[in-house]
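The values are calculated or read from the model by the stated rules, or taken from the named source; none is laboratory data. Worth saying up front: this structure is predicted, and the values here are computed from it rather than measured. Don't worry about glycine lacking a Cβ; one is built from the backbone with ideal geometry, like all the others, and counts go over all protein chains shown.
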Amino acid sequence: MDILSLIGLVLAFVAVLVGAILKGAGVKALLSSAAFMIVIVGTVAAICLQTPLPVMKRAMRILPWIFRPPSVQRADLIKRMVEWSNTARKQGLLGLEGAIEKESDDFVKKGLQLVVDGSEPEVIRNTLEVDLHVREQADTRAAKVFEGMGIYSPTLGIIGAVLGLMAVMQNLADPSKLGQGIAAAFVATIYGIGLANLFFLPAASKLKVAIQSMTEAREMVIEGMISIAQGENPRSIESKLQGYLH
């Protein structure tokens, strides 16, 4: 659990709600079905129009990473690769076949299979880098879905405010409705700007950090697999891969 994400989300709600109370507007003033329709539904509509279905599905799948980012224990992974190197030096590359079956990570499993098959180091690198690039691009496109929502929601908030002011202008003959109408008009702006800056954009940035961390771990796997295939000394492999822990 990423405790900072949870703290940030809670503080975002507290900041808006307590701020509304301290300013004298009250929590009730923040509730508006019209603003919800224009900003929330409008933002979803815009991002659906922009995003292909596979990317949207991937975005929904990685959204929990905000609170539970993929756990990559790099130290443990280095330890395993050093053990695989020792096994390969003692039993040959075919001795790693048992490790393939035990490995749960698809990327690591693919790398091990390439090593066991006796692939050339350059082939291993090229194959795994293509896989790495495709995975990283897919996840980055998914993270940009929330970035896009953070771009659209403030604009839709302004549209909501303008529509609200248009309604106020139609009731200029009744001064008693002006104050309430103008206040309601700006609720949409709060929704749009608030959601963009307190959730959508920070969420996109947090997802990109998680994606970058996974990419670095997979780069470490590539270097480890190539070192094993080349028959490097296990101590040298461990020393080389330790740099990825910083």
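Residue count for segment 26-42 under the criterion of being within 22 Å of L156 (Cα to Cα) and part of a loop (DSSP other than H, G, I, E, B): the result is 2. Of the helices (runs of 4 or more DSSP H) lying entirely inside segment 56-128, those carrying at least 2 residues that are of a type in the set (G, A, S) are 74-91, 97-102. For segment 197-209, the tally of residues that are aliphatic (A, V, I, L, M) and crowded, with 20+ Cβ neighbours inside 10 Å stands at 3. Sub-8 Å Cβ pairs linking a first residue in segment 126-139 that is in contact (Cβ under 8 Å) with a residue 12 or more places away in the chain and at negative phi to a second residue that is acidic (D, E) and in a helix (DSSP H, G or I), at least 6 apart or interchain, are L132/E219, ordered by first then second residue.
When the residues of segment 9-43 are filtered to those that are small (G, A, S) and in contact (Cβ under 8 Å) with a residue 40 or more places away in the chain, the one that is surrounded by the fewest Cβ atoms within 10 Å (Cβ to Cβ) is A15. Can you say whether A184 is of a type in the set (G, A, S), more than 30 Å from W65 (Cα to Cα) and either in contact (Cβ under 8 Å) with a residue 12 or more places away in the chain or touching a strand residue (DSSP E or B) at 6+ places or on another chain (Cβ under 9 Å) (or both), as far as the supplied structure shows? Considered against the rule, which asks whether it is of a type in the set (G, A, S), more than 30 Å from W65 (Cα to Cα) and either in contact (Cβ under 8 Å) with a residue 12 or more places away in the chain or touching a strand residue (DSSP E or B) at 6+ places or on another chain (Cβ under 9 Å) (or both), A184 comes out as yes. Screening S213, S227, S153, S239 for residues that are free of Cβ contacts under 8 Å to residues at least 12 places away in the same chain, in a helix (DSSP H, G or I) and of a type outside the set (D, E) leaves exactly one candidate, S239. Could we say that F146 is surrounded by 14 or more Cβ atoms within 10 Å (Cβ to Cβ), at pLDDT 95 or above and farther than 30 Å from K90 by Cβ here? In short, yes.
Determine whether G98 is of a type outside the set (A, V, I, L, M) and closer than 29 Å to A12 by Cα. Here the answer is no, as G98 does not meet what is asked. Go through the residues of segment 139-152 one by one and say whether even a single one is under 11 Å from V221 (Cβ atoms), among the hydrophobic types (A, V, I, L, M, F, W, C) and in the same structural domain as D76 (by TED's automatic domain parsing). No - not one qualifying residue is present in segment 139-152. Filtering segment 176-196 to residues that are loosely packed, with under 15 Cβ neighbours inside 10 Å and either at pLDDT 95 or above or out of contact with any helix residue (DSSP H, G or I) (no Cβ under 8 Å at 6 or more places or on another chain) (or both) leaves S176, G179, Q180.
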